[in-house]
Amino acid sequence: MGVQLFNLLNSSIFQVVAVIWFIILIVWREKWAAVLERTIKLIQKPIIFRKDSQPDNVPTYPREFFEDSASSFRDALTKPLSRVTDSLHHWLGNLMKLVYDPEHPFRTVGYVVLLLCFLLLIYSDAVAVANTLFVLGLLSEILPFLSNFDIAIFAGSLIALILGFAFLFETMSSKSEFTAMSEREPRVRKAMFAMAAFICLLSITSLVAWGLARLDVVENLNSTFLDRFVTFVVVFVVPFNSALAAAMIFNEAIRGSVLVFAVVGYIVEGVLHVVNFILTLLSSLLPFVFDVLYRLIHVLIDIVVWIITTPILAVFWPFMTLIKMITDNAPEESTTKQKPEEIKQRSK
């Protein structure tokens, strides 16, 4: 097959036909001028997202349909996500009003710190409860992450003491810096002051018990009272103090969780903005590329059709010209025949 095609292309008959074909393409100016005109019109048209003042000057190029499709495609990709992003931003702004005050910026830091302390206190209570159940024989095995009893003692004594003194100063201050305590009702502030003082007392008791226990070990006193006192502090006072301190900072910890949730929301909003930017880029790029490819394919098909059909039309051109002359003269004869009859009718 390849050899036959090669022989055909190199034959003298094919070369003569090709030369004649090329001459017809060049000589018939009307055909290649029309192709050139359509190509220039397609090239000069604006990009797909700009309004074309002459959308119908190339009949085979549906400009208005492409413009409407491109705008609809861009809106379908970007508008839903933009609405979601705007709604999320508005909602996060309302959340930030709950946890951020421009006049007291340190309160936001206080909410985060108190949230961490709240989680530590809750964890220490869980450790204390797990160890107590294990000692009572109600729990066969302690989970590994609940076996750190030293963290429970640390949170129920030292951390609770720090929180207690901090809330004492916050409740006594007329402009609290790390909490919104100064904006609460007087009776609430009095209750929080009493709770903070009681937590400080229990924390100091715990620290005294640990000091006496260490003294008992160092001096070898072997005091039964000290053993029972330390056991009472470990089993009851420390977990109770942790729970009480957690209850005291619960409101501020909730605000801290709101702040963390808002930060996560802003991260999600940032991701949505990136996705929206990518979708916006694609919604502009894809219609543009499609429009350019359509114009290019249109020009190529137009040139191919011109190359193939022009010599064929040249062969039938005499016959088509003759048929056109006949069809053009036929109505004139009919009208000339009707004119005398019309004249007679008018004369009557």
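Readers should treat all values here as calculations from the given coordinates under stated rules, not as data from a laboratory. These numbers come from a predicted model, not from an experiment.
Sorted largest first, the spans of the alpha carbon positions of the stretch 54-148 along the three principal axes are 92, 45, 15 Å.
Membrane-span-like helices in the chain, defined purely by DSSP H runs whose alpha carbon atoms cover 20 Å or more axially and whose average Kyte-Doolittle hydropathy reaches 0.5, are 12-27, 106-135, 186-219, 250-347. The stretch 121-165 and the stretch 255-315 have their alpha-carbon centroids 59 Å apart. Rounded if a/c is under 1.5, else prolate if a/b is larger than b/c, else oblate: which is the stretch 171-281, with a ≥ b ≥ c the root eigenvalues of its Cα gyration tensor? Verdict is oblate for the stretch 171-281.
Eigen-decomposition of the gyration tensor built on the alpha-carbon atoms of the stretch 140-197 gives equivalent ellipsoid semi-axes of 33, 11, 10 angstrom, largest listed first. Of the residues 144, 102, 80, which exhibits the maximal mean-square fluctuation in a Gaussian network model of the chain defined by a 10 Å Cα contact cut-off? Sorting by GNM fluctuation, first place goes to 144. Mean separation of Cα pairs under 8 Å and 6 or more residues apart, divided by the residue count, gives the chain a relative contact order of 25 percent.
Mind pulling up the Rg/Rh value for the stretch 100-248? Radius of gyration and Kirkwood radius, both on Cα.
With Rh from the inverse mean 1/r over Cα pairs, Rg/Rh is 1.06.
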